[in-house]
1. Could you work out how far helix 25-34 tilts from the main Cα principal axis of the chain, as a 0 to 90 degree angle to the nearest 10?
2. Quick check: at a probe of 1.4 Å, how many percent of the accessible area of the chain sits on carbon and sulfur atoms?
3. Output the 0 to 90 degree angle, nearest 10, between the alpha-carbon long axis of helix 10-20 and the longest principal axis computed from the alpha carbons of the chain.
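The values are calculated or read from the model by the stated rules, or taken from the named source; none is laboratory data. Computed from a prediction, not measured in an experiment: that's the story for all the values here. Please note that ligands, DNA and RNA were not included when accessible areas were found on the heavy atoms of the full protein model with its side chains. Shrake-Rupley method; radii C 1.70, N 1.55, O 1.52, S 1.80 Å.
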Amino acid sequence: MSNRTIPVDERLYGYLLEHSLRESDVKRRLRELTASLEWSGMQIAP
């Protein structure tokens with residue numbers, strides 16, 4: 001599963017994660033948990 005929808009380098013990706021997501025703690029934990037499931041390749045990026 002790709003967690004990126006656009007190709008960016010690691011520094012820019014880290015900045016985007018740090019400053020642009022408004023993902024609640026519950027949503028983040030749920031996303032991390034479901035990433036390990038068999039069909040997790042169908043997940044969308046946060």
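1. Computed tilt is about 60 degrees.
2. Working: 2520 of 4360 Å².
Here carbon and sulfur together make up 58 percent of the probe-accessible area.
3. Rounded to the nearest ten degrees, it is 80.
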